[in-house]
Amino acid sequence: MRSSLLVLVMLCGWASSRAQKLSPKWEELTAGDFVQAIHQSQGVCVLPFGILEKHGPHLPIGTDLLDVRYAVMNAVGQEYAVVFPQYYFGQIFEAQQEPGTIAYSLTTQLTLLQETVKEMARNGCKKVVIVNGHGGNNSLLPLFAQAQLATPRDYVVYVFGLPRENVPGRPAMKSDPKNDMHAGETETSAMLVARPDLVHMDRAQSESGSDQHRLNLPDNVYTGIWWYARFPDHYSGTGSAATKELGEFDQKTWSSQIAAAIKAIKADSESLRLQNEYFEKTQHPLDTRQ
């Protein structure tokens, strides 16, 4: 009896140890470990969404991709989830004039993202969390999430937008926050933590990140050329003002917010229930109570 109990305890300990050592990275898991990882994550899988575009004269083209994956990996260290490999097939038409930019057609963006989350769900990811790391996706991703209501599905897509950075205790910025939108103090600071080896601070002042004010339109009028009109060099802000202190604070804040979202999504049972209820009602709208 004692011998059987000892074996059971040892097996439980081995299983627990194996689970704790599971990599969160989809591409690093064996097929067998992937099954265990899906169970351990409670079906929550994260898709860090970056882009390939110029980031001023001093940051790498993959800044958004590198930054968001760094934040996500820190987050899943706090709240385990399976993390999909590098994904950069987003909206970046406004930077096609710059070298290194990869801008897929809108139909390709939407189709590829739909096929990706569908395949993730087929592999047990019934809660797909898209974590955005690129401002150019701010319109694309809510549209994509809304489009999930077009047809029935057995999974839920969640979109986690850009982090809330104005939180208590944040180090004071040296540059104008209103103009700090791309490769400026905030983004450069984050990269000084995520990939300091790829930051060229000596080049940060070789181009201007100032607003060129080349359009004069009312605030409630939108045109796609607005970004190029204001920042033709695809640089907004003052990268030279960046500090590791600010980067460490922002990265910690970002990963904590992602971890909190993952925890809440794990506990969420209402989204799928309501989604199923909605799809059922769409089949007989005349019966919907008025």
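Tabulated data for the structure shown
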quantity	calculated
Of Ser236, Pro142, Ser271, farthest towards positive along the dipole that unit charges on Lys, Arg, Asp, Glu beta carbons give the chain	Ser271
Charge tally in the Cβ shell below 10 Å around Asn179, where Lys, Arg are +1 and Asp, Glu are -1, Asn179 excluded	-2
Low-density loop cleavage sites - trypsin sites (Lys or Arg not before Pro) in segment 102-208, where at most 15 other Cβ are within 10 Å (DSSP)	Arg164, Lys174
About the Cα centre, charge dipole magnitude for the chain (Lys/Arg +1, Asp/Glu -1 at Cβ), debye	1000 debye
Prolate/oblate/rounded call for segment 152-290, Cα gyration tensor, a/c under 1.5 rounded	oblate
Top of Tyr88, Tyr235, Tyr104 by mean-square fluctuation, Gaussian network on the chain, Cα under 10 Å	Tyr104
Net charge over other residues, Cβ less than 13 angstrom from the Cβ of Glu98 (K, R count +1; D, E count -1)	-3
Amide proton proximity set for Val129, modelled H, under 5 Å, gap of 5+	Cys45, Val46, Leu47, Tyr158
Set of lysines with alpha-carbon distance to Lys281 below 23 Å, sequence-local pairs under 8 removed	Lys118, Lys126, Lys127
Selection from Ser189, Leu215, Val117, by position along the positive dipole direction of segment 104-216 (Cβ)	Val117
Global geometry of segment 95-152, whether rounded, prolate or oblate, following the gyration tensor of its Cα atoms and the 1.5 cut on a/c	prolate
Angle between the chain longest axis and helix 244-267 axis [Cα atoms, degrees, rounded to 10]	40 degrees
Whole-Å semi-axes of segment 70-124's equivalent ellipsoid (Cα gyration tensor)	26, 18, 6
Taking all pairs of distinct alpha-carbon atoms in segment 95-199, Kirkwood radius in angstrom	16.6 Å
Karplus (6.51, -1.76, 1.60) ³J(HN,Hα), θ = phi - 60°, over segment 57-65, in Hz, Gly and Pro reported as x	x, 10, 10, x, 4, x, 3, 4, 5
The chain shape via C-alpha gyration tensor axes, a/c threshold 1.5	oblate
Tilt relative to the chain, helix 106-122 - C-alpha long axis, 0 to 90 degrees, to 10	20 degrees
Estimated [θ] at 222 nm from DSSP helical runs (n ≥ 4, -39500 (n - 2.57)) normalised by residues in the chain, nearest 500	-13500 deg cm²/dmol
Dipole magnitude of segment 95-249 about its Cα centre (Cβ charges: Lys, Arg +1; Asp, Glu -1), debye to nearest 20	580 debye
Cα long-axis angle, helix 2-20 against the chain (0 to 90 degrees, to the nearest 10)	20 degrees
DSSP-defined beta bridges in the chain - what % are antiparallel, rounded to 5	10 percent
Separation of the Asn216 and Arg195 label points, Cα + 7 Å toward Cβ, nm	4.2 nm
Within straight-line cross-link reach of Lys244, aspartates and glutamates at Cα separation under 20 Å, skipping those fewer than 8 residues along the same chain	Asp64, Asp67, Glu165, Asp176, Asp180, Glu185, Glu187, Asp197, Asp202
Environment charge at Ile225 (Cβ cut-off 10 Å; Lys +1, Arg +1, Asp -1, Glu -1)	+1
Label-to-label distance, nm, for residues given as Thr151 and Lys281 (7 Å Cα→Cβ offset)	2.3 nm
Per-residue SASA entry for Ile61, accessible area with 1.4 Å probe, Å² rounded to 10	70 Å²
Ordering of 213-221, 192-200, 38-46 by packing [mean C-beta count within 10 Å, highest first]	38-46, 192-200, 213-221
Cβ-Cβ FRET estimate between Ser208 and Arg122, R0 fixed at 45 Å, reported to 0.05	0.40
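The values are calculated or read from the model by the stated rules, or taken from the named source; none is laboratory data. A quick note: this is a predicted structure, and the numbers were derived from the prediction, not measured. Cβ: placed from backbone, ideal geometry, glycine included. Neighbour counts: every protein chain shown. The accessibility values were calculated without ligands, DNA or RNA, using every heavy atom of the protein model including side chains. Shrake-Rupley method; radii C 1.70, N 1.55, O 1.52, S 1.80 Å.
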